[in-house]
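Engineer: Quick one: the structure is below, and I'll ask about it shortly.
The values are calculated or read from the model by the stated rules, or taken from the named source; none is laboratory data. A quick note: this is a predicted structure, and the numbers were derived from the prediction, not measured. Note that each Cβ is placed from the backbone with ideal geometry, even for glycine, and that neighbours are counted across all protein chains shown.
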Amino acid sequence: MIEADEIRRRMPAIITGEVAAINRTFAGTRPGRNPPAVVSQNLTVVAGRSYIAYGLRLYSTVLPQDVEKLLPKLSEALSALRRRPTDVRLRRKPLALEVAHPFPAPLDWQRARTQLQPDTMLTGRNYSGGEPRDDVLDLNDLAHVLSVGMTGSGKSTLLRMMLGTLTLNTSPDALRLIIVDPKAEDFLQFKRLPHCEVFADRQNVTRAIAYARAILAERQDTEGRFNGPRVVLFLDELSQVQEQNAIRQLNDLMAVGRSKRVNVILATQYPTKDVIGKVDLSNVGVRFVGQVATGTAAATAAGRGETGAHLLPGKGAFLRVEGADVTRLQAYWLDDAGTEALVDAAVQRWGRKAAVPVYQYDAGAISEPYHPVQQRDISGGTSGTGTVQAVQVVRSVPATQAASWPIPERPLTATEVAAVRRMHANGASKNKILDVVYGGKTPKRFAWVSEALNEGGV
């Protein structure tokens, strides 16, 4: 392994050689005429040990698309110089050619500034021009987040840092997490946090979403903006959401969750229209797009074309897409030991138990005595003595053990009719009942509930 001092000594010569190779390639594309673009050392930026950005100056009448057509030739030239395959991507803001650092190394999370304001989370370092800066998200300023990247992109690392810094800096009285980790592996450490309201595995994805939707239904009855604890639904793999009712509930959360302090963080390694297209992403404020397989996947993940995400080198390299702005981000490397350290720091700061639960269950929603300050695990395990059986009911809407909400698209059974009538007698509105029983309102569902309440279908 080459020492850092040796790398710093060698880099000026490497940059000089690569600048010359790029300019020769440009010149060869238009013999006897001005090349389409030139680079120089004073336009070059080295982003840590992540990548090199060779800033471009275009000649008149030349468009970025013209340079993009030359990327294969540029890649061939630099591959020959480095004696190994070297991808070249075009960055448009500011205009530059990006190549992986010849001696890559991850950003050490221990050098990160993890002390932040409440409701904020650190993602990485932004290298999109000027001095590198911390990339920080503030949940007060955005609704929801999407992170996309194939295996090896660094997606899990990015998400771990986000969750770790969010919980380190935000009290569990003000933040509750619903974590869906299908593999029960990458984010298992966060189950120990006092912020963790629910930890769900692959078998319990639908129930976790239903739980978040039930919280939202309860909060929708309050007038104006909700000022209680923030609830964050963290869903590691969007492709695991298969049931249509769960998709509808997820869309509900993303449509109106922000005003009620319910945020969604989605992630997937499958940026296809079948996966991403099943949810309404119009309320996603920020997308983090890491390495993907194709240009089509890059466009689907970013919600726009010409990002070059398929040419990213992986290993924590991301694009931050926010509206029309696309900036370059390097995620901090956070391994298992680092994750444990962040979780330990949060537990040490806040204690092991949440002081105030975000959500009170009716006695009919649990199968065993429930202690509200204890963590709930809907996958079947417990973090104390309470096991949640039915997370789909809201505080003001009692249900019987026989009722399991939400139900499929069908009329109510006799048992369900009795439960609905008890809900109504206890003060639940018809709209709330529809949210709980079916996950939302349609004319057909409205008629079924009206019939159950002996009100007809009007």
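Engineer: Of all residues in the range 18-49, which are in a loop (DSSP other than H, G, I, E, B), surrounded by fewer than 16 Cβ atoms within 10 Å (Cβ to Cβ) and basic (K, R)?
Structural biologist: The answer is R30, R33.
Engineer: When you scan the range 214-243, how many residues do you find that are modelled with pLDDT under 90 and either assigned to a helix (DSSP H, G or I) or among the hydroxyl-bearing types (S, T, Y) (or both)?
Structural biologist: Number of matching residues: 7.
Engineer: Could you tell me which of the residues D221, D201 is among the acidic types (D, E), farther than 23 Å from G338 by Cα and surrounded by fewer than 22 Cβ atoms within 10 Å (Cβ to Cβ)?
Structural biologist: On the way: D201 fails: farther than 23 Å from G338 by Cα.
The conditions single out D221.
Engineer: If L163 meets every condition in (1) surrounded by 24 or more Cβ atoms within 10 Å (Cβ to Cβ); (2) within 14 Å of G316 (Cβ to Cβ); (3) not small (G, A, S) apart from one, which number is that one?
Structural biologist: (2)
Engineer: Take L90 and decide whether it is assigned by TED's automatic domain parsing to the domain that holds V62, part of a strand (DSSP E or B), under 25 Å from A324 (Cα atoms) and in contact (Cβ under 8 Å) with a residue 24 or more places away in the chain. So that I can check it myself, show each step before the final result.
Structural biologist: Values: assigned by TED's automatic domain parsing to the domain that holds V62: yes; part of a strand (DSSP E or B): yes; under 25 Å from A324 (Cα atoms): yes; in contact (Cβ under 8 Å) with a residue 24 or more places away in the chain: yes.
The answer is yes for L90.
Engineer: Select from the range 50-60 the residues that are surrounded by fewer than 17 Cβ atoms within 10 Å (Cβ to Cβ) and modelled with pLDDT under 90 and list them in ascending order. Before you say what the answer is, go through the steps one by one.
Structural biologist: Here is the first cut: in the range 50-60, the residues surrounded by fewer than 17 Cβ atoms within 10 Å (Cβ to Cβ) are 57-60.
Selection gives S60 alone.
Engineer: Pairs under 7 Å by beta carbon, first residue at negative phi in the range 227-255, partner of a type in the set (S, T, Y) and surrounded by 18 or more Cβ atoms within 10 Å (Cβ to Cβ), six or more apart or different chains?
Structural biologist: Once the first residue is at negative phi and sits in the range 227-255, its partners that are of a type in the set (S, T, Y) and surrounded by 18 or more Cβ atoms within 10 Å (Cβ to Cβ) give E237/T268; L238/T268; S239/T268; E243/T206; A246/T206.
Engineer: A further question follows. Kindly indicate whether any position in the range 195-210 is assigned to a loop (DSSP other than H, G, I, E, B) and more than 14 Å from the chain's Cα centre (by Cα). It would help to see each step written out before you state the result.
Structural biologist: Initially, the range 195-210 is screened for residues assigned to a loop (DSSP other than H, G, I, E, B), giving 195, 201.
Remaining after also requiring more than 14 Å from the chain's Cα centre (by Cα): 195, 201.
The answer is yes, given that some residue of the range 195-210 is assigned to a loop (DSSP other than H, G, I, E, B) and more than 14 Å from the chain's Cα centre (by Cα).
Engineer: Go over the candidates V264, V275, V284, V289 one by one and state the one that is without any contact (Cβ under 8 Å) to a residue 40 or more places away in the chain, in contact with a strand residue (DSSP E or B) (Cβ under 6 Å, 6 or more places away or on another chain) and either closer than 19 Å to Q220 by Cα or not hydroxyl-bearing (S, T, Y) (or both).
Structural biologist: Working: V264 fails: without any contact (Cβ under 8 Å) to a residue 40 or more places away in the chain; V284 fails: without any contact (Cβ under 8 Å) to a residue 40 or more places away in the chain; V289 fails: without any contact (Cβ under 8 Å) to a residue 40 or more places away in the chain.
Residue meeting the stated conditions: V275.
Engineer: On to the next question. Tell me, please, whether a residue that is modelled with pLDDT of 80 or more, part of a helix (DSSP H, G or I) and surrounded by 19 or more Cβ atoms within 10 Å (Cβ to Cβ) can be found in the range 391-409.
Structural biologist: Residues of the range 391-409 that are modelled with pLDDT of 80 or more, as a first pass: 406-409.
Those still in the list that are part of a helix (DSSP H, G or I) too: none.
For the range 391-409, residues modelled with pLDDT of 80 or more, part of a helix (DSSP H, G or I) and surrounded by 19 or more Cβ atoms within 10 Å (Cβ to Cβ): absent.
Engineer: So how many residues does the range 38-78 have that are on the phi > 0 side of the Ramachandran plot and in contact with a helix residue (DSSP H, G or I) (Cβ under 6 Å, 6 or more places away or on another chain)?
Structural biologist: Step one: list which residues in the range 38-78 are on the phi > 0 side of the Ramachandran plot, which gives 48, 61.
Among the residues that remain, those that are also in contact with a helix residue (DSSP H, G or I) (Cβ under 6 Å, 6 or more places away or on another chain) are: none.
Matching residues across the range 38-78 total 0.
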